[in-house]
Amino acid sequence: MDQVYSKASRVIIWLSPSPETDPYLAVETLAELYNDLCKGIKYDRLTPDRYKRRQWNSLIQLLGHAWFRRTWTFQEAVLSSMKTDTPSGQAPLLERCLTVLYGTVSLPWAHLYVVARDLLQPEYRAVWSNVGAEVLAALEHIREIWHTRVRLVISNMCSLEYALMATRHRQATNARDAIYGLLGISTDAEGFGIEPDYSDTVESVYQRFAFAMICHAKSLRLLSFAGCGYPGSVYALPSWVPDWTCPPKCSPLSVTEGSRKYRATRFAASCTLDSEITTALSVKGVIFDKIEYLSSICTTSTPNPELNEWLDEVESLVIRNNSRNTCDTQLDLLGTPAFENFCRTLTGNYILENGELRNPSADSLRQKYLSCKSSCATRHGLEPSTRFCSSKRLDELAMPESSPVMGPTVIFSNALEPTVGRRLCVTEAGRIGLIPPLSKQGDVLCVLLGAKVPFILRQSENCQAGQGPQDARLFKLVGESYIHGAMGGEIAVSVDRGEMQYGSFLLQ
């Protein structure tokens, strides 16, 4: 099918409108939104309220169409007329080789792309965040189609790993097509030795692919989408094999392009399939800590009473840990390492500001956190407070909102992306971190060779009795984590000093 789409002079995509939908109104509304964005109307004026309810509903129905959520449709759009003659180094414009019909109404692809590109920018996304998960997901799918197409044309390169990351939240009727549906797009697919075989079980397809990907990349990046620490899997997969029918809902910590730069280890992956337990992955790493306390799951980054309540909970957890380790009972903890480490953990130690993802200063973090904490309460008529300082001190230090949509509160709440869908934990050694939602007390923290971030492991129930944590080789992978103080090679330094040592583990 990839040859059909890429060699076609034009590809026509037909979207069937529902009976209650007005396709003309939906396309006209999309065109109006496109024109407003092209005119440079700023995010503080370009809000959903700018459009009539009937207009807005028609656009929601368009972007909620199933076509935007399917795996195979990604290939249709990305490969459309790739053989079209264009100047060297330029991507063929999709609107010249791809026709989208919504019912009988022609829908310019440029309108879809520009709207997706702009509304997913942080300043616009803050305003449009209440449009619904389906609409935002459709916009992300549209943007990924363009990015993948440009990658193919400019560099003639689109790895299977990249395609898989770009489509991980798309759907396929046959679960095998989460992988098979991307082989035609991927320029390195032949190197994996994977041929579509629908007689093979889903479990076998996913396991063979996962091991081939790990060996090909000499990296454990793929494990960011695996683990028993996430709900939803319906297949009997080993814990180290991602289930592409229901990838983790929380944002991956280390695999997205241009994302946070972590380097928990400096070595390549060292792994094999065990000769006796053929579904177990043999890996090398070092266990360096254990989960002692953990919070409830963070469910939102929007400044509201729900977020305020969760922040109160984790503040108490961190302050209790700080008091235990330092015997510090002072009322104002804003200048302590405990508060700074807490803020850096919530944001994964990165904040997007002025279009750049950076490690923020301690003062900037403190002010933005306090502004967010204050806004969670004041926006809903509650009295602002924090357990790190007095209410008076909070009022003094919370930054004024220079912009209702991109002030310090929104900047910090956007930076909470790594926290949403995860728990905050305190370890036996006093470290704090973000861990998968189904983590448990007693799970261990491990740096695996070939991984950018630490992982949470759970000793298997099949472990032989009487063995120590380094010798008991059987573990289940729970999932990736952010552990402050273990993201930049600190554990590897401890190994070099002889304070810890690497061991071998079997991930079941």
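The values are calculated or read from the model by the stated rules, or taken from the named source; none is laboratory data. All figures in this text were calculated on a predicted structure; none of them were measured in a lab. Here the Cβ is made from the backbone with ideal geometry for all residues, glycine too, and neighbour counts use every protein chain on show.
With Glu161, Glu203 as the choices, which residue is of a type in the set (Asp, Glu) and outside the structural domain of Ala66 (by TED's automatic domain parsing)?
Working: Glu161 fails: outside the structural domain of Ala66 (by TED's automatic domain parsing).
Exactly one residue qualifies, and that residue is Glu203.
Residue check: is Ser219 in contact with a Pro (Cβ under 9 Å, 6 or more places away or on another chain), touching a residue at least 60 places away in the same chain (Cβ under 8 Å) and of a type in the set (S, T, N, Q)?
In short, no.
Taking the range 423-443 as the range and being closer than 18 Å to Lys476 by Cα and either free of Cβ contacts under 8 Å to residues at least 24 places away in the same chain or part of a loop (DSSP other than H, G, I, E, B) (or both) as the test, the residues that pass are Pro436, Pro437, Leu438, Ser439, Lys440, Gln441, Gly442, Asp443.
Across the range 263-315, the qualifying residues are those that are assigned to a strand (DSSP E or B), of a type in the set (S, T, N, Q) and modelled with pLDDT of 90 or more, and the one among them that is nearest to Gln441 (Cα to Cα) is Ser295.
Return the residues of the range 336-371 that are under 17 Å from Ser413 (Cβ atoms), in contact with a helix residue (DSSP H, G or I) (Cβ under 8 Å, 6 or more places away or on another chain) and assigned to a helix (DSSP H, G or I); say none if nothing qualifies. Phe342, Cys343, Arg344, Leu346, Leu365, Arg366, Gln367, Lys368, Tyr369, Leu370, Ser371 - these are the residues of the range 336-371 that are under 17 Å from Ser413 (Cβ atoms), in contact with a helix residue (DSSP H, G or I) (Cβ under 8 Å, 6 or more places away or on another chain) and assigned to a helix (DSSP H, G or I).
Only residues that are under 21 Å from Gly227 (Cα atoms) and either free of Cβ contacts under 8 Å to residues at least 60 places away in the same chain or out of contact with any helix residue (DSSP H, G or I) (no Cβ under 7 Å at 6 or more places or on another chain) (or both): list them for the range 265-278, please.
At the first step, the residues of the range 265-278 found to be under 21 Å from Gly227 (Cα atoms) are 265, 268-274, 277-278.
Across the range 265-278, the qualifying residues are Ala268, Ser270, Thr272, Asp274, Ile277, Thr278.
Any residue that is modelled with pLDDT of 80 or more and either surrounded by fewer than 16 Cβ atoms within 10 Å (Cβ to Cβ) or in a helix (DSSP H, G or I) (or both) - is there at least one of those in the range 83-100? So far as the range 83-100 goes, no, none of its residues is modelled with pLDDT of 80 or more and either surrounded by fewer than 16 Cβ atoms within 10 Å (Cβ to Cβ) or in a helix (DSSP H, G or I) (or both). Taking the range 454-474 as the range and being touching a Phe, Trp or Tyr at 6+ places or on another chain (Cβ under 9 Å), modelled with pLDDT of 95 or more and among the hydrophobic types (A, V, I, L, M, F, W, C) as the test, only Leu457 passes.
Thr427 meets the stated requirement of being closer than 22 Å to Tyr482 by Cβ and among the hydroxyl-bearing types (Ser, Thr, Tyr). Within this structure, Glu32 passes the test of being part of a helix (DSSP H, G or I), at pLDDT 85 or above and surrounded by 14 or more Cβ atoms within 10 Å (Cβ to Cβ). Can you tell me which residue is nearest to Val478 (Cα to Cα) among those in the range 196-238 that are among the small types (Gly, Ala, Ser) and assigned to a helix (DSSP H, G or I)? Selected residue: Ser224.
To keep it simple, each residue is scored yes or no on (1) farther than 14 Å from Ser239 by Cα; (2) surrounded by 19 or more Cβ atoms within 10 Å (Cβ to Cβ).
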{"site": "Ser199", "(1), (2)": "yes, no"}
{"site": "Ile214", "(1), (2)": "yes, yes"}
{"site": "Leu223", "(1), (2)": "no, yes"}
{"site": "Ala226", "(1), (2)": "no, yes"}
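In the range 349-374, which residues are of a type in the set (Gly, Ala, Ser) and buried (at least 24 other Cβ atoms within 10 Å of the Cβ)?
First, the residues of the range 349-374 that are of a type in the set (Gly, Ala, Ser): 355, 361-362, 364, 371, 374.
Hits for the range 349-374 are Ser371, Ser374.
Against the condition in the same structural domain as Val11 (by TED's automatic domain parsing), crowded, with 18+ Cβ neighbours inside 10 Å and at pLDDT 85 or above, how does Val115 come out, does it pass? Yes; evaluated as a whole, the condition is true for this residue. Taking residues in the range 385-413 that are in a helix (DSSP H, G or I), and partners anywhere that are modelled with pLDDT of 80 or more and β-branched (Val, Ile, Thr), the pairs with Cβ atoms closer than 7 Å and at least 6 places apart or on different chains are Leu394/Thr386; Ile411/Ile351; Ser413/Thr302.
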